[in-house]
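Student: Input: one structure, supplied below.
The values are calculated or read from the model by the stated rules, or taken from the named source; none is laboratory data. The shown structure was predicted, so the numbers you read here are calculated from the model rather than taken from an experiment. Note that each Cβ is placed from the backbone with ideal geometry, even for glycine, and that neighbours are counted across all protein chains shown.
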């Protein structure tokens with residue numbers, strides 16, 4: 001950040017009084033600019049034994065497969081964000097949503113939240129951010145072509161939990177990867 005969004009003057013970095021973290025502060029109008037993590041909300045949508053995946057039409061990881069997910073917007077709940085992303089990416093409607101997996105990714109200032117849900121019907125189609133939308137059986141999942149570690153981990157947990165039909169809410173820290181590894 002270079003300039004204050006309140007008055008347009010250059011900002012500096014300092015620890016404001018009563019705070020313990022370095023922040024962007026405007027020395028002119030004294031506005032403290034807080035920067036907080038972005039929330040990604042998504043859905044692991046199923047139809048019987050199949051899981052809905054979308055092949056990304058946008059960067060990052062264009063051409064790789066993912067669960068429908070994206071950044072939460074201001075003014076929405078997690079549930080609303082996850083449903084919206086599912087419609088935007090797969091033109092799909094879901095029902096019976098339940099919170100399922102949470103991932104902390106502090107190295108990229110993100111939190112990923114995935115719900116489990118059932119497709120309301122088979123009326124799915126390619127959305128604006130997808131190249132392809134498809135239902136996969138477990139043995140068909142393109143594990144090496146998944147876009148993000150959190151998507152792979154959500155699918156791993158789902159297939160583990162599905163055998164006993166017990167789906168506890170998971171919460172995991174995702175550490176940074178070295179440069180030789182794939183993207184988060």
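Student: Within the stretch 83-113, can you find the residues that are under 17 Å from residue 47 (Cβ atoms) and surrounded by 13 or more Cβ atoms within 10 Å (Cβ to Cβ)?
Tutor: Residues satisfying the conditions are 83, 86, 87, 89, 90, 91, 92, 93, 94, 97, 100.
Student: Only one of 172, 73, 88 is modelled with pLDDT of 95 or more and under 21 Å from residue 50 (Cα atoms). Can you tell me which?
Tutor: 88
Student: Across the stretch 158-168, what is the number of residues that are part of a helix (DSSP H, G or I) and in contact (Cβ under 8 Å) with a residue 40 or more places away in the chain?
Tutor: The qualifying residues number 1.
Student: Can I ask one more? Return the residues of the stretch 137-155 that are over 15 Å from residue 62 (Cα atoms) and in contact with a helix residue (DSSP H, G or I) (Cβ under 9 Å, 6 or more places away or on another chain); say none if nothing qualifies.
Tutor: 138, 141, 143, 152, 155 - these are the residues of the stretch 137-155 that are over 15 Å from residue 62 (Cα atoms) and in contact with a helix residue (DSSP H, G or I) (Cβ under 9 Å, 6 or more places away or on another chain).
Student: Next up: Go through (1) surrounded by 12 or more Cβ atoms within 10 Å (Cβ to Cβ); (2) outside any helix (DSSP H, G or I) for residue 171 and report which single condition fails.
Tutor: Here residue 171 meets the rest and fails (1).
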